[in-house]
Structure formats: C-alpha cells, structure tokens
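K.L.:
This is the structure I have questions about; it appears just below.
Derivation of every value follows stated rules applied to the coordinates shown; laboratory data play no part. Here the structure is a predicted model, which is why all the values come from computation and not from measurement. Note that we place each Cβ from the backbone using ideal geometry, even for glycine, and neighbour counts take in every protein chain shown.
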C-alpha cells in the first residue's frame, strides 16, 4: 500500500470477491500511532473489528479474503479501550504508510 490519507481509507468499502461486506466507521490507532485496524459496521448493522493485517488496501476498496476476518464483541471492546482517537493523538490530517504507521501531514507553507 502506498501512503494514503486516513480519511480516504475510511471512505472505502470493505469487499470480498466484489461483494460489499462492511464500511469502516472508526480507525483504531494505538498510542504509538500504529493503525491496528478499523471498527466497521456490516450490512447487518453490527459493529465489528477488522484487523489491518487482514486487509489488502486497493485503490477502490479494502479487500478481505473472507468475512471470517471480522471480530466481534470482546475483540472490538478490547481494541476500543486500548486505542486512541485522532483528536486524542493530536492528529488533524493523518496519513497511513505501508506499515500502518500513522503520521501527520506537514504543510508546505
């Protein structure tokens, strides 16, 4: 994956075999500014955790090999409690690199 704005990743559908399974609703970033994954909402309305390691980032989608990569309840609660929001980390326009590192863009001004 090339470095991309986090906001761009949050707009991409999550698909397998061209079938949309879910949409990301919140990035889950650890205190060291590593993107661990996403809180997603499935077509069934249920919120789940999608680990970044299970995602192939394509130009127009977040691709997963199977719906079995989505983790429910306990995993989502764990990651929610051990991650920070963009605002808590002082990030305004964050980008994500190929290793999942989250960094702030710098103005050219």
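K.L.:
Working out 0.36 nm times the residue gap between residue 67 and residue 23, then minus their Cα-Cα distance, what length gain in nm do you get to one decimal?
P.N.:
Numbers: separation 44, 0.36 × 44 = 15.84 nm, distance 1.26 nm.
Stretched out fully, the residue 67 to residue 23 stretch lengthens by 14.6 nm.
K.L.:
At a Förster distance of 22 Å, what's the computed FRET efficiency of residue 89 paired with residue 1, Cβ-Cβ distance as r, to 0.05? Kindly include the intermediate steps, with their values, before the conclusion.
P.N.:
On the way: r = 20 Å, r/R0 = 0.93.
After rounding, the FRET efficiency stands at 0.60.
K.L.:
Within 10 Å of each residue's Cβ, count the other Cβ atoms and sort 82, 47 from fewest upward. The partial results should precede the final answer.
P.N.:
Values: 82 11, 47 16.
Result, fewest neighbours first: 82, 47.
K.L.:
So, one more: When a footprinting reagent is the concern and you count Cβ atoms within 10 Å, what order do 14, 19 take, fewest first?
P.N.:
Details: 14 23, 19 10.
Lowest to highest Cβ neighbour count: 19, 14.
K.L.:
How much length is gained on full extension from residue 77 to residue 103, taking 0.36 nm per residue of separation minus their Cα-Cα distance? All intermediate terms of the calculation are to be shown ahead of the outcome.
P.N.:
Details: separation 26, 0.36 × 26 = 9.36 nm, distance 2.47 nm.
Full extension of this stretch gives 6.9 nm more.
K.L.:
To the nearest Å, what is the center-to-center distance of the range 31-72 and the range 5-25, using C-alpha atoms only?
P.N.:
For the range 31-72 versus the range 5-25, the Cα centre distance is 8 Å.
K.L.:
While we're looking at this one, here's another question. For Cα extents along the principal axes in Å, which listed value, (1) 65, 46, 27; (2) 52, 25, 21; (3) 44, 30, 21, comes from the coordinates shown?
P.N.:
(3)
K.L.:
Using only helices, what value at 222 nm comes out for the chain when you add -39,500 (n - 2.57) per DSSP H run of length 4 or more and divide by the total residues, to the nearest 500 deg cm²/dmol? Provide the component values of the computation, followed by the final result.
P.N.:
Values: 2 runs with 14 residues, N = 109.
Helix contribution divided over all residues of the chain: -3000 deg cm²/dmol.
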